[in-house]
Amino acid sequence: MTTPWFTSQRPNAGARLRLFCFPYAGGGAAIYRLWPQSLPSEVEACMAQLPGRGTRLREEPFTNLDALVAAVAEAIAPLLDKPFALFGHSMGAMISFELARRLREQGQPQPSHLFISGRRAPQLPNDDPISYNLPDAELGQELLRLNGTPKEVLEHPELMELMLPLLRADFSVVETYDYRPGVPLDCPLTVFGGLRDAEVSREQLDAWREQTTGEFALRMLPGDHFFLNDAQAQTLLLSAVARDLYQLLKRST
């Protein structure tokens with residue numbers, strides 16, 4: 001791949017399917033660095049590297065989901081020459097869902113499977129308070145409450161100074177999202193949630209079933225909102241994703 005938008009630690013020209021993985025707010029491609037070794041050998045994991053992080057640290061991050069998805073759709077188009085699936089956690093789930101809808105609007109290939117993780121169904125009302133414009137100290141307290149930012153970062157003023165603009169931008173992407181009703185997708189949809197996630201309830205996850213006419217599955221895993229960073233939950237998550245991808249490959253032979 002030659003695009004800065006996606007990176008693959010194990011490029012696989014012979015892969016029969018690509019899995020595109022999108023990060024949560026403040027995260028980058030490194031979130032999924034261990035995934036390739038746990039997926040079927042015929043699957044190429046393509047980790048999204050969005051502007052403002054990692055190798056694209058000097059680029060201005062997006063603050064609006066529509067604009068971000070439009071840019072991702074353009075960048076991903078040359079990579080849709082093989083069957084593909086989308087995975088996203090929290091903010092990444094919103095990107096994955098709206099990307100699938102945008103690709104459909106553009107007459108592009110559709111995902112063979114959509115994996116949604118740690119995010120309420122988009123049609124549900126969002127009553128969460130706005131936080132992207134909070135003063136630095138209050139935003140830091142919100143990050144501490146969410147438990148998704150390493151403690152060593154929260155306690156390091158220089159790192160926080162570097163991270164806060166990105167986190168504000170990503171929080172703006174999430175908090176200014178305006179869902180527009182549309183025709184449900186027709187691909188299988190698997191939703192993952194954390195059993196101790198105080199941000200997203202099981203009922204809010206189950207409501208995703210309205211967004212597809214295909215097969216639907218809800219799988220609850222141990223952990224809080226950032227369960228995919230927990231070793232035990234990540235093992236279970238990867239096992240479930242690998243199983244679904246293996247079934248996709250099996251059906252396509």
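General observations
- Long-range neighbours under 7 Å by Cβ, at least six apart or interchain, first residue under 15 Å from residue 200 (Cβ atoms) and open to solvent by 20 Å² or more (accessible area, probe 1.4 Å) within the stretch 103-124, second of a type in the set (S, T, N, Q) and not in a loop (DSSP other than H, G, I, E, B): 124/204
- Failed item in (1) at pLDDT below 95; (2) in a helix (DSSP H, G or I); (3) more than 30 Å from residue 60 (Cβ to Cβ), with residue 205 passing the rest: (1)
- Some residue of the stretch 174-187 being open to solvent by less than 30 Å² (accessible area, probe 1.4 Å), farther than 23 Å from residue 53 by Cβ and out of contact with any Gly (no Cβ under 6 Å at 6 or more places or on another chain): yes
- Flag set for residue 67, criterion: out of contact with any strand residue (DSSP E or B) (no Cβ under 9 Å at 6 or more places or on another chain), among the small types (Gly, Ala, Ser) and without any contact (Cβ under 8 Å) to a residue 12 or more places away in the chain.
- Enumeration of residues in the stretch 112-131 that are among the hydrophobic types (A, V, I, L, M, F, W, C) and closer than 17 Å to residue 240 by Cβ: 114, 115, 116
- Residue count for the stretch 80-113, restricted to those that are touching a Phe, Trp or Tyr at 6+ places or on another chain (Cβ under 7 Å) and aliphatic (A, V, I, L, M): 5
- Scanning the stretch 66-95 for residues that are of a type in the set (Val, Ile, Thr) and either open to solvent by 10 Å² or more (accessible area, probe 1.4 Å) or closer than 21 Å to residue 238 by Cα (or both) gives a single hit, 95.
- Here the condition is being among the acidic types (Asp, Glu), within 16 Å of residue 87 (Cα to Cα) and more than 15 Å from the chain's Cα centre (by Cα); of 244, 206, it holds for 244 alone.
- Residue that is touching a residue at least 60 places away in the same chain (Cβ under 8 Å), surrounded by 20 or more Cβ atoms within 10 Å (Cβ to Cβ) and under 14 Å from the mean Cα position of the chain (by Cα), where the choices are 61, 23: 23
The values are calculated or read from the model by the stated rules, or taken from the named source; none is laboratory data. Keep in mind that this is a model prediction, so the values were computed, not measured. As a convention, Cβ positions derive from the backbone with ideal geometry for all residues, glycine included, and neighbour counts pool all protein chains shown. Areas reflect the complete protein model, heavy atoms only, side chains present, ligands, DNA and RNA absent. Shrake-Rupley method; radii C 1.70, N 1.55, O 1.52, S 1.80 Å.
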